[in-house]
1. Could you tell me the distance between the Cα centroids of the range 43-62 and the range 100-123, to the nearest Å?
2. Leaving out same-chain residues fewer than 8 places away, which lysines sit with a Cα under 16 Å from that of LYS74?
3. Considering only protein heavy atoms, what per residue accessible area in square angstrom results for the range 105-232 with a 1.4 angstrom probe?
4. Quick one: go through the range 39-73 and flag any residue whose amide nitrogen is under 18 Å from the point 7 Å out along the Cα-to-Cβ line of THR6.
5. What translational diffusion coefficient, to the nearest whole µm²/s, does the range 97-232 have by Stokes-Einstein, given a Kirkwood radius computed over alpha-carbon pairs, a temperature of 4 °C and 1.567 mPa s viscosity?
6. Carbon and sulfur together cover what percent of the accessible area of the chain at a 1.4 Å probe radius?
7. I need the Kirkwood Rh of the range 1-127: take the reciprocal of the average 1/r across all distinct C-alpha pairs and report it in angstrom.
8. Whole-Hz Karplus ³J(HN,Hα) for the range 52-57, in order, using 6.51 cos²θ - 1.76 cosθ + 1.60 and θ = phi - 60°, x for Gly and Pro?
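The values are calculated or read from the model by the stated rules, or taken from the named source; none is laboratory data. Note that the coordinates shown come from a computational prediction; the quantities given were computed from them, not determined experimentally. Backbone-built Cβ (ideal geometry, glycine too); neighbour counts: all protein chains shown. Side chains included, ligands, DNA and RNA excluded: accessible areas come from the protein's heavy atoms. Shrake-Rupley method; radii C 1.70, N 1.55, O 1.52, S 1.80 Å.
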Amino acid sequence: MLNSSTFIKKSRATIFLRIFSNIFVVGNLLYFISLYFSNRKHLDVVLREDFIFEWATFIFLMLCSGVFSLYLLKFKKNKFYYLFFALGMIVFLFGAFEEVSWFQRVFDFKGTNLIIDNNSQSEFNIHNLVIGGIGLNKLIFGKILGVLIGLYYLIPAITKEISNTGKSIFEGLYIPTPDILDLVTLLITIGTVYLVLDFKKQGEILEYLLSFQLLTLFYREYLKIAPFSNNG
């Protein structure tokens, strides 16, 4: 059973993560806005391939995969949760390596012609493939993934907000789900990126901030079910 001291420590940790996440997101949005209106060329530079924000996105996605591995250890005796979090770990690991084209430019390898020749950016990754004139990036990693992420935020957040029964169900699943404040942060992020920052690299900013928001959400929810030391 969770004693009062442990409960307080967990509550403080989760509150800190939420505050830190919001400050980080707002601070970054203000930074991008300031560059957008003062130095558009510099904004394009900082968002270029293999620069700080792309590597930050890679790191955030890798850490998301790492948090799911913590869930794996927590639920290693439960087949359903183990498979669910194993899948999540693989998905975020795949997304991280896709972000940096599997280190193609770092190690200077060409990759297979089948992928390179059908890639809109001539890179070694799946998400920029063009098959039959249809770009996977816009179809799968844009529209379909966008809808899935939207549903992931909307359904749990609204359900937990309007129904105590729904809140109990989602919290009883042990699967990290957003709440209404997470949804508000996401909507502010999307609204700012697409309504204020009207330029071709909007997606890079959204990927960067969304991967960070998911990371803090996953870890914040993990702290609620993880063992917590009473020492110190």
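1. Each part reduced to its Cα centre gives a spacing of 17 Å.
2. Within the straight-line limit of under 16 Å, LYS74 reaches these lysines: LYS224.
3. Values: 7340 Å² over 128 residues.
Roughly 57 Å² per residue, with all protein chains present.
4. Within reach of a label on THR6, which here means backbone N under 18 Å from a point 7 Å along Cα→Cβ, the range 39-73 contributes 71, 73.
5. Details: Rh = 17.7 Å.
Reported coefficient: 73 µm²/s.
6. Working: 9220 of 13430 Å².
Carbon and sulfur atoms account for 69 percent of the accessible area of the chain.
7. Numbers: mean 1/r = 0.0557 Å⁻¹.
One decimal place: 18.0 Å for the Kirkwood radius.
8. 4, 6, 5, 5, 5, 4
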